[in-house]
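Contents: one structure, followed by commentary.
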Amino acid sequence: MNTSIDTLDIIGEEHIATSLETPLREDAFEMPDSIKIERIEKHFKEIMQILGLDLNDDSLRGTPHRVAKMYVKEVFSGLNPSNKPAVKLFENKYQYDGILIEKNITLYSYCEHHFVPIIGRVHVAYISNGQVIGLSKINRLVQYYAKRPQVQERLTNQVAEGLKEALLSEDVAVIIDAVHLCVASRGVKDSNSSTVTANYSGRFKNEKVKAEFHAMLNSS
Ligand SMILES: [Zn+2]
């Protein structure tokens with residue numbers, strides 16, 4: 001690809017996603033986590049030094065290691081497929097055939113264009129095809145896809161695809177309402193706007209089902 005610097009700037013500042021899949025190299029997980037932490041620590045230390053910070057200060061000395069560990073083991077741990085939560089399906093014994101919503105799941109992700117937080121709420125709905133999953137698993141799946149450098153549209157679609165795969169069903173809906181700190185605290189500095197994205201699949205594409213879902217979401 002030979003995209004000009006100007007175009008790359010626009011893609012980043014306007015938060016345009018280029019693909020459904022997170023762009024990862026094929027050798028992304030050949031390096032063990034311990035080496036990744038070591039190398040990120042070294043580079044982050046250099047960034048701090050270039051900024052003029054005194055790494056001999058006790059308050060700053062541990063920061064490069066802390067940031068490196070946080071990137072690999074926590075906030076970007078969802079890049080590694082081996083961290084994907086295992087999902088077990090249960091028989092739908094209650095014969096409940098309505099819409100089930102898991103509402104207000106807390107979202108912490110990172111903008112892949114600025115590496116600052118995206119904070120928001122995720123609402124997930126599905127209709128059982130005879131099998132159900134534990135509610136905490138929905139939460140864990142959302143967290144897994146959130147723990148990557150992300151673009152909100154891609155995160156929305158990845159959560160939807162992950163749920164369809166876990167539930168063996170197409171009848172899934174995902175809504176994300178989030179604030180991007182790169183928009184709220186810098187650039188246009190709009191702290192009041194939030195970004196809402198939605199993905200409707202299977203029966204949720206039907207206007208009646210979609211309307212019922214929205215009514216349930218707004219009922220409390
Ligand atoms: Zn951003």
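The values are calculated or read from the model by the stated rules, or taken from the named source; none is laboratory data. Since the structure is predicted, the reported quantities are computational estimates derived from the model, not experimental observations. All Cβ positions, glycine included, derive from the backbone under ideal geometry; neighbour counts span all protein chains shown. The accessibility values were calculated without ligands, DNA or RNA, using every heavy atom of the protein model including side chains. Shrake-Rupley method; radii C 1.70, N 1.55, O 1.52, S 1.80 Å.
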Can you confirm whether the stretch 181-189 contains a residue that is open to solvent by 60 Å² or more (accessible area, probe 1.4 Å), out of contact with any His (no Cβ under 8 Å at 6 or more places or on another chain) and polar (S, T, N, Q)? yes
Is it the case that some residue within the stretch 57-70 is under 26 Å from Thr156 (Cβ atoms) and modelled with pLDDT of 95 or more? yes
Could you please find all residues in the stretch 188-210 being over 12 Å from Ala173 (Cβ atoms) and assigned to a helix (DSSP H, G or I)? Glu207, Lys208
In the stretch 142-155, anything polar (S, T, N, Q) and surrounded by fewer than 21 Cβ atoms within 10 Å (Cβ to Cβ) is listed as Gln143
If you go through the stretch 95-102 one residue at a time, do you hit one that is modelled with pLDDT under 95, open to solvent by 80 Å² or more (accessible area, probe 1.4 Å) and at positive phi? yes
Of the candidates Glu207, Glu212, Glu170, the one satisfying the condition of being open to solvent by 40 Å² or more (accessible area, probe 1.4 Å), touching a helix residue (DSSP H, G or I) at 6+ places or on another chain (Cβ under 9 Å) and either of a type outside the set (A, V, I, L, M) or within 16 Å of the ligand (Cβ to nearest atom) (or both) is Glu170
Does the stretch 74-81 contain any residue that is assigned to a loop (DSSP other than H, G, I, E, B) and farther than 29 Å from Asp27 by Cα? no
Output for Cβ contacts, cut-off 9 Å, separation at least six or different chains, first residue within 18 Å of Ile10 (Cα to Cα) in the stretch 178-196, second open to solvent by 80 Å² or more (accessible area, probe 1.4 Å) and near the ligand (Cβ under 10 Å from one of its atoms), reads Cys182/Glu13; Cys182/Phe115; Gly187/Glu13
Report yes if some residue within the stretch 65-75 is more than 23 Å from the chain's Cα centre (by Cα), open to solvent by 60 Å² or more (accessible area, probe 1.4 Å) and farther than 30 Å from Ser201 by Cβ; otherwise report no. yes
Would you confirm, using the coordinates I've provided, whether Arg148 is basic (Lys, Arg), within 16 Å of the ligand (Cβ to nearest atom) and at pLDDT 95 or above? yes
Residues being away from the ligand (no atom under 16 Å from the Cβ), open to solvent by 90 Å² or more (accessible area, probe 1.4 Å) and farther than 24 Å from Asn80 by Cβ: count how many of those fall in the stretch 1-35. 4
Out of the stretch 173-192, which residues are more than 16 Å from the ligand (Cβ to nearest atom) and not hydrophobic (A, V, I, L, M, F, W, C)? Asp177, Asn192
So the check is Cβ under 7 Å with 6+ separation or different chains; which pairs have a first residue in the stretch 47-72 that's under 27 Å from Lys147 (Cβ atoms) and a second one that's assigned to a loop (DSSP other than H, G, I, E, B)? Met48/Leu55; Leu60/Leu53; Leu60/Asp54; Arg61/Leu55
Single residue of Tyr96, Tyr71 found to be of a type in the set (Ser, Thr, Tyr) and assigned to a loop (DSSP other than H, G, I, E, B): Tyr96
